[in-house]
Amino acid sequence: AVGALVVAPVREGDRCAAALFAHSAEPRRWSEAERRLIEEAAERTWAAVERARADAAREESERRLRLVLDSVSDGFYALGPDWRFTLFNAASERFFERTRDEVIGRTLWEVFPEAVGTEFERRYRAVMAGSDPVTFETRSVSRPDRV
């Protein structure tokens, strides 16, 4: 049996998105501090649920993007503004003979130190500095047997 109950609604705009229920078996009066604590717990719990949902949605989106990129027969990779790899598809793994796990999160210069001081570096730096897109063809510095 419930002797006392506090309901802490979590509002999103003008609607109730969730509610936290605190029960006591014995009849009692909830203090203002207890009610505030329950409301804060409701807000924090809902924020954690929303973060978990956002994380799950992001992971699913990344999984779908990986599937699409892995279906492409050309090498595809992406670098963040700090030169760290953020994407590296299966064709890139085959071409460069490096796995995603060896590449993602590391900088271009860590993964391919042999590119420092080459035409690749000059052109990549120009693009990252805001120039127009660059197209060029040359022998790979990490795989000289490939263009």
- Highest-first arrangement of 124-136, 4-16, 98-110, where packing means the average Cβ count within 10 Å: 98-110, 4-16, 124-136
- For region 72-147, what is the relative contact order in percent, using Cα pairs closer than 8 Å and at least 6 residues apart in sequence? 21 percent
- Would you mind calculating the gained length between A18 and V68 on full extension (0.36 nm times residue separation, minus the Cα-Cα distance), in nm to one decimal? 14.4 nm
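By average Cβ neighbour count within 10 Å, what is the ranking of 48-57, 73-82 from highest down? Write down the numbers at each step before the final one.
Values: 48-57: 10.7, 73-82: 12.4.
The packing order, highest mean first, is 73-82, 48-57.
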- Note on the structure: For Rg/Rh (Cα atoms, Kirkwood Rh), with candidates (1) 0.96; (2) 1.01; (3) 1.32, the value calculated from the shown model is option (3)
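When the helices in the chain are scored as -39500 (n - 2.57) per DSSP H run of 4 or longer and the sum is shared across all residues, what 222 nm value do you end up with, to the nearest 500 deg cm²/dmol? Before the final figure, lay out each step's value.
Working: 5 runs with 65 residues, N = 147.
About -14000 deg cm²/dmol.
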- For region 1-124, what is the accessible area per residue in Å² when the probe is 1.4 Å? 68 Å²
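Once you keep just the Cα pairs under 8 angstrom separated by 6 or more residues, what percentage relative contact order results for the chain?
Value for the chain: 12 percent.
The values are calculated or read from the model by the stated rules, or taken from the named source; none is laboratory data. Keep in mind that this is a model prediction, so the values were computed, not measured. Because the Cβ atoms are built from the backbone with ideal geometry, glycine has one as well, and the counts that use them run over all protein chains shown. Quick note on the areas: whole protein, heavy atoms, side chains included, nothing else; ligands and nucleic acids left out. Shrake-Rupley method; radii C 1.70, N 1.55, O 1.52, S 1.80 Å.
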